Amino acid sequence: MCVKGIFFLCGLAALAVLQVSGIYVYTPGDVMAINGMDIRLKCTFQTASKIYHDSVSISWRFRPLEPGREEEEVFYYQQKAYSPQEGMFRNRTLWAGDIMGKDASIIIREVNFAFNGTYTCRVKNPPDVHGWVGEIRLRVVNPGPETPPDHDN
């Protein structure tokens, strides 16, 4: 509760709280891909701050299903695309997003069963750097009559 002598300070604190906002990241959740095909991992975002193309950064990471394997970098974007120089995503990721359109999507080429796991999409738009991380759980399957078509690719 604010007392008369510190009313001004309480007002400043309230103003600071109102100006703090987070970045919201949206992903589809569960995605299925056919073994050997390319897949688009969709990630979009909302931010209260103005977007400056040169300050937005996007990072994609992969957490495998298999125990004992470490989390791995999938892709990084800041002013331009940076694919990993080593690991299973080397030469497999492509930028498919549009910063000004609030799209942070990527394409992974020729997925196989080793790509089963959870992918995280994190977007930072300074000063808006805190918020949710989008997650996609990818399941790679063999083609067959039981595989529903994925119209988002």
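The values are calculated or read from the model by the stated rules, or taken from the named source; none is laboratory data. Everything numeric here is computed off the predicted structure, so don't read it as measured data. FYI the Cβ positions are ideal-geometry reconstructions off the backbone, even for glycines, and counts take in every protein chain you see.
Computed values, structure above
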item	result
Qualifying residue in segment 62-84 (condition: more than 16 Å from residue 33 (Cβ to Cβ), surrounded by 13 or more Cβ atoms within 10 Å (Cβ to Cβ), without any contact (Cβ under 8 Å) to a residue 24 or more places away in the chain and touching a Pro at 6+ places or on another chain (Cβ under 7 Å))	yes
Where a residue in segment 109-126 is within 13 Å of residue 40 (Cβ to Cβ) and its partner, wherever it lies, is modelled with pLDDT under 95 and part of a strand (DSSP E or B), with Cβ under 8 Å and at least six apart	none
Tally of residues being outside any strand (DSSP E or B) and without any contact (Cβ under 8 Å) to a residue 12 or more places away in the chain across segment 92-108	1
Matching entry among 127, 67, 149, 145 (being out of contact with any strand residue (DSSP E or B) (no Cβ under 6 Å at 6 or more places or on another chain) and either modelled with pLDDT of 95 or more or closer than 24 Å to residue 24 by Cα (or both))	127
Failed item, numbered, when residue 105 is tested on (1) out of contact with any Gly (no Cβ under 7 Å at 6 or more places or on another chain); (2) under 21 Å from residue 22 (Cβ atoms)	(1)
Extreme residue, nearest to the chain's Cα centre (by Cα), among residues of segment 127-145 that are in a strand (DSSP E or B) and farther than 16 Å from residue 40 by Cα	131
Within segment 56-75, tally of residues that are under 16 Å from the mean Cα position of the chain (by Cα) and either part of a loop (DSSP other than H, G, I, E, B) or under 14 Å from residue 105 (Cβ atoms) (or both)	7
